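Contents: one structure, followed by commentary.
The values are calculated or read from the model by the stated rules, or taken from the named source; none is laboratory data. All figures in this text were calculated on a predicted structure; none of them were measured in a lab. Every residue, glycine as well, gets a Cβ built from its backbone with ideal geometry; the counts of neighbours run over all protein chains shown.
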Amino acid sequence: MPSFNPSGFWEAKPHTLAKIEIVRRYLYLWFSILGTNQKNKRLVYIDGFAGPGRYSNSEQSSPVAALQAAKAAIERPGAKLNDVEFSFLFVEKRKDFVENLRSVVSAGVWPANIKWDTETGSFEEKVGGVLEELRRQGQRLAPTFAFIDPFGATGLPFRVVAEILSYPGCEVLLNLDSDGISRLISAQEFEKNQKNLDSLFGDQSWQQLDPSMPMARLAAAVLSLYKQKLRALRDVRYVFPFAMNTRQGQINYHLVFASQHPLGLEKMKEAMKAVDKTGSYSFSDDSVGQEFLFDFDAPAEWSAKMQAALGGAWRPYAAYRDYALNETPFINPKAMLEYLKQAGKVQVSWRGEPAKRGFPEEKISSILILK
Ligand SMILES: C[S@@+](CC[C@H](N)C(=O)[O-])C[C@H]1O[C@@H](n2cnc3c(N)ncnc32)[C@H](O)[C@@H]1O
């Protein structure tokens, strides 16, 4: 938890400001792209753990950043987003924080097609309630980006996350305290935490984790299991964890992004890369329990992994794209394919004339990586 300040607000650490900047950058793209699709008359942002709207050392917060992103998208010259409704729901448990958030947001000047509302209560109760009401009325959730940013490991039921992700065009970015969750699993009196863990994972699958594992490995296993649970949801094919580090380079928590669409993860990685200058996050490979800094110039190691995972069979370009998105720091597989091509390990079946260079997706019928 961040340190408390006499002003009554928490101090934002660099990784907190980086997190908010990631939300802003991503949402600007998300609003711009989805808003230009004629089908989308309404786009929704849910901030499930909204906070007080500011920090002791910064006017920034995720609700304000989300509103600013929508405003910037709407006001971009030529944007044509005036007929889309941008709907914001900010849920916060603490009444004093909600009041402060309301006054911060009210002080801003927002385009007329931005509607916002605050709810005092828990994420589970309020967001769960909205979803239940939609279900009762046989309606769908409009395309929604849900930012789920609790402190620690409570109040984050998998059931609600899964339900948001069950609707087309809905995505989540959630703050997973894998260290905190590991501590709950390894605690002597874990029976006390059982209900919370069942809710967090949506079942008892966490019981398969070995509580005697060293903490770092257990945290990696927690992250891996959570990822698996998300990936098992229907149509949720893009899941990626970003480790957020403290200044000292220790992992603080993971931001886990889940989407039904490859463009979502592509744009999220771009947003992360743009904010990386602070050094406040890194790519997390939960299979080995180690963290890797995003390194877009070093395809060698990742190429070998892709070769091991996908080599030996002809596959469409999309298979390599999905692998690059989900399993590597890369936004597309091209650098890795190029690297393997230099080693004589890549064959391409072209649609028509072979491309002179590179791997233009539209010209590729399928690709074989030799083992
Ligand atoms: C990490 S802070 C949110 C920061 C905010 N997302 C930002 O970036 O500016 C978490 C907030 O969740 C609130 N909270 C704690 N439990 C909650 C729950 N079950 N439902 C909703 N809010 C909760 C806390 O009071 C706190 O303000």
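Some values worked out for this structure:
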| quantity | calculated |
| --- | --- |
| Unique match (being in contact (Cβ under 8 Å) with a residue 24 or more places away in the chain, in the same structural domain as Gly169 (by TED's automatic domain parsing) and touching a helix residue (DSSP H, G or I) at 6+ places or on another chain (Cβ under 7 Å)) among Ser212, Ser224, Ser186 | Ser186 |
| Cβ pairs under 7 Å, 6+ apart, first in segment 44-68 and under 14 Å from Ala107 (Cβ atoms), second more than 6 Å from the ligand (Cβ to nearest atom) and among the polar types (S, T, N, Q) | Pro52/Asn100; Gly53/Asn100 |
| Hey, Ser62 within 15 Å of the ligand (Cβ to nearest atom), assigned by TED's automatic domain parsing to the domain that holds Lys19 and modelled with pLDDT of 95 or more or not | yes |
| Failed item, numbered, when Leu43 is tested on (1) under 21 Å from the mean Cα position of the chain (by Cα); (2) surrounded by 20 or more Cβ atoms within 10 Å (Cβ to Cβ); (3) within 13 Å of the ligand (Cβ to nearest atom); (4) aliphatic (A, V, I, L, M) | (3) |
| Unmet criterion (only one of (1) modelled with pLDDT under 95; (2) outside any helix (DSSP H, G or I)) for His15 | (2) |
| Filtered residues of segment 135-153 (kept if crowded, with 17+ Cβ neighbours inside 10 Å, within 15 Å of the ligand (Cβ to nearest atom) and of a type outside the set (D, E, K, R)) | Phe145, Ala146, Phe147, Ile148, Pro150, Ala153 |
| Residue among Glu85, Glu21, Glu75 that is in the same structural domain as Lys273 (by TED's automatic domain parsing), more than 10 Å from the ligand (Cβ to nearest atom) and either more than 26 Å from Pro262 (Cα to Cα) or touching a Pro at 6+ places or on another chain (Cβ under 8 Å) (or both) | Glu75 |
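Conditions (1) within 23 Å of the chain's Cα centre (by Cα); (2) within 12 Å of the ligand (Cβ to nearest atom); (3) surrounded by 19 or more Cβ atoms within 10 Å (Cβ to Cβ); (4) among the acidic types (Asp, Glu), marked per residue:
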{"residue": "Arg94", "(1), (2), (3), (4)": "no, yes, no, no"}
{"residue": "Phe97", "(1), (2), (3), (4)": "no, yes, yes, no"}
{"residue": "Val104", "(1), (2), (3), (4)": "no, yes, no, no"}
{"residue": "Pro111", "(1), (2), (3), (4)": "no, no, no, no"}
{"residue": "Lys115", "(1), (2), (3), (4)": "no, no, no, no"}
{"residue": "Thr120", "(1), (2), (3), (4)": "no, yes, no, no"}
{"residue": "Glu125", "(1), (2), (3), (4)": "yes, yes, no, yes"}
{"residue": "Gly128", "(1), (2), (3), (4)": "yes, yes, no, no"}
{"residue": "Glu133", "(1), (2), (3), (4)": "no, no, no, yes"}
